[in-house]
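Structure record follows, encoded as structure tokens.
The values are calculated or read from the model by the stated rules, or taken from the named source; none is laboratory data. Since the model is a prediction, treat every value here as computed from it, not as a measurement. Here the Cβ positions follow ideal geometry from the backbone for every residue, glycine too, while neighbour counts run over all protein chains shown. Note: areas computed on protein heavy atoms with side chains; ligands, DNA, RNA excluded. Shrake-Rupley method; radii C 1.70, N 1.55, O 1.52, S 1.80 Å.
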Amino acid sequence: RRRWKEDIEGAAVDCPSSEILKRQDELRMERLRMEAEVEAWALSSCWDVKCASEQYFTFETVAAENGNEGGGKLRDRDNGALTAASTVEEVEAARCLAELIEFAILRLMRLGDLALMEQGGALNPIRRATSERPADTLKPWEPWRNLQKIRDEIKMQRLQKDEEKETWTSILPSGVSSWIHNAVKNASVYEETYLELAEAAVILNRRAGRFRFASRLEDHRAEVLIARAEYDAAAHVLSDNVGACARDQWTRAHYWRIFRLACCQRMSGDVLAYLETLTQSFNPKLSSVAPQKTASLFQKDLEAIITDAAVAEPRWGAFPFLETELSIESEAAGKSSQPLPFLRRKLTKHLCFVGDELRFSLSINSHLPRPIAVNGVRLYLVTIEQYERVYRRNGIVAEDDAFRILTIDAPIDIMPGQNDFSFSWQPMTSNTYVLATVEIQWKEASFFYDSALLRKPMIGLDIQPSEPTQTIELNPLFLIPGHVQNVRLVFHSGSDVITEGLVRLICSEGLLVVPPKTDPSKLDEAWSDECIIPLDACGPGKKVVITTLVKSSTIKHDDTSGNIQTMRAKVETRYRQESYDAVMAKGEEPESDPMKTLLQAMVTTLDRPALAVDAAEAFLFGDEQVMVNISLQCNSPVPFYIKEWHLDLPPPLLVEQDGDLNKDMFHHAIPEGEMLLFGFKCMRTDSLDDEHRCERPLLRVVLQDDFGKTFLQVLPVNLEDIYKKLRKEDVYAELYTATAELTCSTEEGTVGHPVPFVYDLNLQSLMTPRQRRRSSGASVSSVCGSSLLYTIVSDGSDWIVS
């Protein structure tokens, strides 16, 4: 300034004013050129230092596309990695170089200011682009549908601007590097040079670990690109930089960058990228700083873009403008957890059964300022096996991967805030399912909320086969040894739908069975130890009765043998739940294989007769009559009826014609453990009728079961005592021996005096039973036809004297 003042004062006093003004302009221009030369040398020196030290790092300088001798773009050899340098020395060197490049940027901006002063004082394009309020934000917000016309106009303006580039007057001396001369040739080249220097500074700052410095420079680069109407390049820069403030939790700066990114994408016409940015702008973390007017404008654009066919093809992920949460409303039979190693997550499984009516609750939290109407909401249920295959393949659950897709019918209005919806499902196939994905269909776009990517518990369903309601009854409950019996198997389908089945009757040793409806003439050849009977399909509430014959051999009672004759019935069925047909009629549930079940029943042969003799006794009464009492114990597990009975006695006893004292006593069912008392009035007889002759006393009892089947029980009766007594009487009568009963006098005698005794003689034993029956009270002498002589003989040892 002192020199400039001296030069002005050196002008002749008598010079005209025009000359003085001209001199002032010359001096100002000289001053600008001198300052520009200094700035140019400083800029060139900084760039030379950077280029000289490039090989120190893992960077390389690639010649600029415009062929400038000193210019170049700094690129990362490691595929553009943005991590810090590996050593402390490299980090420090990168920091110094970054500061040097930033100083060079300041020199370039000052050099641009000086060049524009020469042009008449126009505003530096870099300063204008990086001002507090960019020029494009001062214009009205145009609706999305009107932007295509504006984009065409901008393209035309750019073409005209390229053709009519205004060349700046050079203020640099000839000795300055040619790339700096070219940098201030016009506004376009000047902006490109700035962008190149800023990109180099960004890379060095990132290498130095100064990510916030790099982020700030990226913002400036993006604003310059926006000012140049290079919206695609600006969007690329901002999309890489938009998350820096989110990591630092600078919500206002984050929202501003999202806003600027949206401005670039809407002007470039990138529908897909703009849709993603719009959905990110409604992040709940940004709701506190998002201006209401901006949010409203963004939703208008979002609603317009959603109708574009271009958004239908991509698979959109879980964007934060809608948040989802799934839960199970139905009460489960239990819970368990299963690790998913391929996801490093745990699956919470809810235990349910086929045919259960399940309800799932879906909560959608909308962060949009206004309500929206979506086309539909779908829930993808995927089997655990398919889910693992999907995530080992690419991790994307497609519609073809789903076993079942549950839907909510449209239209569905989603209000701002929380919205609750529910799905219902009645499973017909047993398996383990994952509630994998929620799909929200909004106009042309579909948003998928995958459970594996959400920070919420993963929900699964462990669907087990429904409890079969089928039952079988096998009658009778036991078999009587030594008999051929009817066996009836009753199958009840319950509420199940039987598709097919098989009945197996398996007999142990000692039992044989024949197939149902066997020809009686071929019965002997049909006996076998196993019988297989097909079971036809039937609907709910049906009853199938299978009747056949079983033959049991007589059981030999052996204490050392523990074998029990057993017939087992196994019914194997394939069935479906009762509501299967109604569910399948809707055409939504996939076809499934029937469930399987096995029903078993068993009938055993009694190890002892159904009736057993507990006690038997007989006693004489009258002259020639005998009363026989027999008690029986019922061993049958199920009640039986006694149809008839008969007592056979060997001579000399015979049941009198009206001697059965048990008539009308057993017309009721006899339960297990009950004692039956039979009484018979018998008489002695000398008849030797062969028709009724038997070797030992037998009680024959005919039992009848609920099916009308009769069983003959032949029970030996022990009456040996009464028969022995009768035989002795006959023997004594044949020996003509009578008994005398000695009775002492009631008056006691004295010593030395005789004692009177009385003899009572019973001569009836001298007659045979036939004589007694024929005598009808006559004396022994008359029966025998002669007088009787007798003597009394006694043994002295039988006397007791006291």
- Item | Filtered residues of segment 131-144 (kept if in contact (Cβ under 8 Å) with a residue 40 or more places away in the chain and either under 14 Å from Ala229 (Cα atoms) or assigned to a helix (DSSP H, G or I) (or both)) | Pro134, Ala135, Asp136, Thr137, Trp144
- Message: Within segment 316-325, does at least one residue satisfy the condition of being at pLDDT 90 or above, within 25 Å of Arg127 (Cβ to Cβ), open to solvent by 40 Å² or more (accessible area, probe 1.4 Å) and among the acidic types (Asp, Glu)?
- Response: no
- Query: Across segment 323-349, what is the total count of residues that are touching a Phe, Trp or Tyr at 6+ places or on another chain (Cβ under 9 Å), in a strand (DSSP E or B) and closer than 24 Å to Ile414 by Cβ?
  - Reply: 5
- From the options Thr573, Thr560, residue that is open to solvent by less than 20 Å² (accessible area, probe 1.4 Å), of a type in the set (S, T, N, Q) and either under 30 Å from the mean Cα position of the chain (by Cα) or modelled with pLDDT under 90 (or both): Thr573
- Query: Can we say Leu197 is more than 26 Å from Phe259 (Cα to Cα), in contact with a helix residue (DSSP H, G or I) (Cβ under 6 Å, 6 or more places away or on another chain), open to solvent by less than 30 Å² (accessible area, probe 1.4 Å) and part of a helix (DSSP H, G or I)?
  - Reply: no
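Rundown of residues vs (1) in a loop (DSSP other than H, G, I, E, B); (2) of a type in the set (Lys, Arg); (3) open to solvent by less than 90 Å² (accessible area, probe 1.4 Å); (4) out of contact with any Ser or Thr (no Cβ under 9 Å at 6 or more places or on another chain), yes/no style:
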position	(1), (2), (3), (4)
Asn146	no, no, yes, yes
Ile154	no, no, yes, yes
Gln157	no, no, no, yes
Gln160	no, no, no, yes
Ile171	yes, no, yes, yes
Gly175	yes, no, yes, yes
Trp179	no, no, yes, no
Asn182	no, no, yes, no
- Message: Among the numbered criteria (1) open to solvent by less than 40 Å² (accessible area, probe 1.4 Å); (2) part of a helix (DSSP H, G or I), which one does Ile364 miss?
- Response: (2)
- Across segment 200-232, what is the number of residues that are open to solvent by less than 40 Å² (accessible area, probe 1.4 Å), closer than 19 Å to Ala135 by Cβ and either touching a Phe, Trp or Tyr at 6+ places or on another chain (Cβ under 8 Å) or assigned to a helix (DSSP H, G or I) (or both)? 8
- Task: Return the only residue of Glu467, Glu444, Glu399 being touching a helix residue (DSSP H, G or I) at 6+ places or on another chain (Cβ under 8 Å) and open to solvent by 70 Å² or more (accessible area, probe 1.4 Å).
- Result: Glu444
- Query: For Ala235, all conditions in the list (1) open to solvent by 20 Å² or more (accessible area, probe 1.4 Å); (2) out of contact with any strand residue (DSSP E or B) (no Cβ under 7 Å at 6 or more places or on another chain) hold save one; what is the number of the exception?
  - Reply: (1)
- Query: Which one of the conditions (1) part of a loop (DSSP other than H, G, I, E, B); (2) within 19 Å of Val438 (Cα to Cα); (3) in contact (Cβ under 8 Å) with a residue 40 or more places away in the chain does Thr307 fail to meet, given that it meets all the rest?
  - Reply: (2)
- Note on the structure: Quick count over segment 275-289, residues being open to solvent by less than 30 Å² (accessible area, probe 1.4 Å) and out of contact with any helix residue (DSSP H, G or I) (no Cβ under 6 Å at 6 or more places or on another chain), is 2
- Task: For segment 633-646, name all the residues that are part of a strand (DSSP E or B) and under 18 Å from Thr710 (Cα atoms).
- Result: Cys634, Phe640, Tyr641, Ile642, Lys643, Glu644, Trp645, His646
- Query: Which ones in segment 195-254 are more than 30 Å from Gln148 (Cβ to Cβ) and hydroxyl-bearing (Ser, Thr, Tyr)?
  - Reply: Ser215, Thr251
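Every residue, every condition in (1) among the basic types (Lys, Arg); (2) in contact with a Leu (Cβ under 9 Å, 6 or more places away or on another chain); (3) open to solvent by 40 Å² or more (accessible area, probe 1.4 Å); (4) more than 21 Å from Phe711 (Cβ to Cβ), yes or no:
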residue: Pro481; (1), (2), (3), (4): no, yes, no, no
residue: Val487; (1), (2), (3), (4): no, yes, no, no
residue: Ser495; (1), (2), (3), (4): no, no, no, yes
residue: Ser521; (1), (2), (3), (4): no, no, yes, yes
- Any hit, segment 143-165, residues being touching a Phe, Trp or Tyr at 6+ places or on another chain (Cβ under 9 Å) and under 20 Å from Ile203 (Cβ atoms): no
- Task: Quick one: count up the residues across segment 690-733 that are at pLDDT below 80 and among the hydroxyl-bearing types (Ser, Thr, Tyr).
- Result: 2
- Query: Out of segment 332-374, which residues are under 27 Å from Arg392 (Cα atoms) and either acidic (Asp, Glu) or in contact with a His (Cβ under 7 Å, 6 or more places away or on another chain) (or both)?
  - Reply: Lys335
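Residues are listed down the side, and each one gets a yes or a no for (1) at pLDDT below 95; (2) surrounded by 18 or more Cβ atoms within 10 Å (Cβ to Cβ); (3) under 18 Å from Ser422 (Cα atoms):
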position: Arg344; (1), (2), (3): yes, no, no
position: Leu347; (1), (2), (3): yes, yes, no
position: His350; (1), (2), (3): yes, yes, yes
position: Gly355; (1), (2), (3): yes, yes, no
position: Pro369; (1), (2), (3): yes, no, no
position: Glu388; (1), (2), (3): yes, no, no
